[in-house]
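The values are calculated or read from the model by the stated rules, or taken from the named source; none is laboratory data. All values derive from a computational prediction rather than experimental measurement. As a convention, Cβ positions derive from the backbone with ideal geometry for all residues, glycine included, and neighbour counts pool all protein chains shown. We work out accessible area using only protein heavy atoms, side chains counted, and drop any ligands, DNA or RNA first. Shrake-Rupley method; radii C 1.70, N 1.55, O 1.52, S 1.80 Å.
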Amino acid sequence: MAPTNLDIDILRTLLTAQQLGGFKRAAQRVGRSQSAVSQQIRKLEEQLGKRLFRKEGRGLAPTEAGDAVLSYARRILDLNDEAVAR
């Protein structure tokens, strides 16, 4: 079975949604519609076979799997950005 490649843009959107507490605010920041952001996160959840966020009040909270993916996403994006900067 071929490995799954994670999309850097989706990982950035994922981190933005977590940092800002919701898809609507993340959409404004990344210049997409809220539905486009929701679709990106849903695509990532389907790739990984895990839910990444749960609703908490008016915002979002990462699930246990979401916390793990967010940690990896930060590392992946840091390495990506470092490579691009060099």
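Quick notes
- Any hit, segment 77-84, residues being assigned to a helix (DSSP H, G or I), surrounded by 15 or more Cβ atoms within 10 Å (Cβ to Cβ) and among the small types (Gly, Ala, Ser): no
- Taken over segment 58-75, the criterion of being of a type outside the set (Gly, Ala, Ser), surrounded by 15 or more Cβ atoms within 10 Å (Cβ to Cβ) and assigned to a helix (DSSP H, G or I) is satisfied by Val69, Leu70.
- Residue in segment 49-56 that is under 10 Å from the mean Cα position of the chain (by Cα) and touching a residue at least 24 places away in the same chain (Cβ under 8 Å) present: yes
- In segment 27-57, the qualifying residues are those that are assigned to a helix (DSSP H, G or I) and polar (S, T, N, Q), and the one that is most open to solvent (accessible area, probe 1.4 Å) is Gln28.
- Taken residue by residue, segment 7-26 has no member that is assigned to a loop (DSSP other than H, G, I, E, B) and hydrophobic (A, V, I, L, M, F, W, C).
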